[in-house]
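The values are calculated or read from the model by the stated rules, or taken from the named source; none is laboratory data. Just so it is clear, the model here is predicted, and its values are computed rather than measured. Note: ideal-geometry Cβ built from the backbone for every residue, glycine included; neighbour counts use all protein chains shown.
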Amino acid sequence: MPHLRRRTFINFAVRLPLSLLRLKPRSLAAGTRLAYISVSQVLSKRRMEDTGKTVWHGTTILCLRKGGQVVVAGDGQVSMGQTVVKSNARKLRRLGGGSVIAGFAGATADAIALFERLEGKLEQYSGQLSRACVELTKDWRTDRYLRRLEAMMAVADKSVSLILSGTGDVLEPEDGIIGIGSGGGYALAAARALVGIDGLDAEEVVRRAMVIAAGICVYTNDKITLEKLEY
């Protein structure tokens, strides 16, 4: 067996196959594919790779039901890293002939693919939103293509509001308020505080809550797109 010379590092060293490291070996013996590498080197390399990835941030979607109205709103900001690349993006879409409002949080291409799938499910099940969402999440969870899509959706019609996720969840909030996306938690908290105030209809509550979220979340702005259904 070839003699392996171990080099000294500040922290402990381990012997790993080169195929797992993606790093140049610090010490190699002739005819062997094993190298001693420090754990700190591996972690440092991974931190550099993670830092170099392009990360897109975007979306605050809020859905609220009150006084015979269901309102869905989304902000317009899309950020790449620390840079705002778009301030008037439209993150809502009407489906099912206008009877369903859907908003997305996540990658735009993934959301478009999911919108198209949900539109197809609504046609297949005669506009039954709950059934269509259950069938969509089944496909989303099990289909080899769909399960790679990274997004969340908030959908609503005149009778129900639902949250859809790629983990197979179809959730109906008990208070009829949904907040998803980077600023969704702030918008949700603000909406819950405002919804009980007399004299504020659903649209006004949503607008005020979205402005509050925009003032807190750096990935959310106050250029709001709003869709409304009455029931």
- [ ] Any chance you could count how many residues in region 72-89 are surrounded by fewer than 24 Cβ atoms within 10 Å (Cβ to Cβ) and either of a type in the set (Val, Ile, Thr) or assigned to a strand (DSSP E or B) (or both)?
- [x] 7
Task: Residues of region 138-163 classified as closer than 26 Å to Leu226 by Cβ and crowded, with 17+ Cβ neighbours inside 10 Å, total - done: 11
Task: Condition met for Val134 (in the same structural domain as Leu92 (by TED's automatic domain parsing) and under 19 Å from Leu64 (Cβ atoms)) - done: no
Open item on the list: Can you tell me which of (1) in contact with an Asp or Glu (Cβ under 7 Å, 6 or more places away or on another chain); (2) surrounded by 15 or more Cβ atoms within 10 Å (Cβ to Cβ) is the one Gly103 doesn't meet?
Closed with: (1)
Task: Filtered residues of region 198-229 (kept if among the aliphatic types (A, V, I, L, M) and modelled with pLDDT under 95) - done: Val218
- [ ] Consider Gly166 carefully, then state whether it is touching an Asp or Glu at 6+ places or on another chain (Cβ under 8 Å), under 15 Å from Ala105 (Cα atoms), touching a residue at least 12 places away in the same chain (Cβ under 8 Å) and buried (at least 17 other Cβ atoms within 10 Å of the Cβ).
- [x] yes
Open item on the list: As an exercise: evaluate Leu92 against (1) within 16 Å of Glu150 (Cα to Cα); (2) in contact with an Asp or Glu (Cβ under 7 Å, 6 or more places away or on another chain); (3) in contact (Cβ under 8 Å) with a residue 60 or more places away in the chain and give the number of the one condition it does not meet.
Closed with: (1)
Task: Pick from region 189-206, criterion among the charged types (D, E, K, R) and part of a helix (DSSP H, G or I), ranking: farthest from Val84 (Cα to Cα) - done: Arg192
Open item on the list: Among the residues in region 93-100, are any modelled with pLDDT of 95 or more, under 16 Å from the mean Cα position of the chain (by Cα) and either over 18 Å from Met152 (Cβ atoms) or not in a helix (DSSP H, G or I) (or both)?
Closed with: no
TODO: For region 40-92, name all the residues that are more than 17 Å from the chain's Cα centre (by Cα), small (Gly, Ala, Ser) and at pLDDT 80 or above.
DONE: Gly67, Gly68, Ser87
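Results for (1) in a helix (DSSP H, G or I); (2) surrounded by 20 or more Cβ atoms within 10 Å (Cβ to Cβ); (3) among the acidic types (Asp, Glu), shown as yes or no for each residue.
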residue	(1), (2), (3)
Asp175	no, no, yes
Ile180	no, yes, no
Ala187	yes, yes, no
Arg208	yes, no, no
Val218	no, no, no
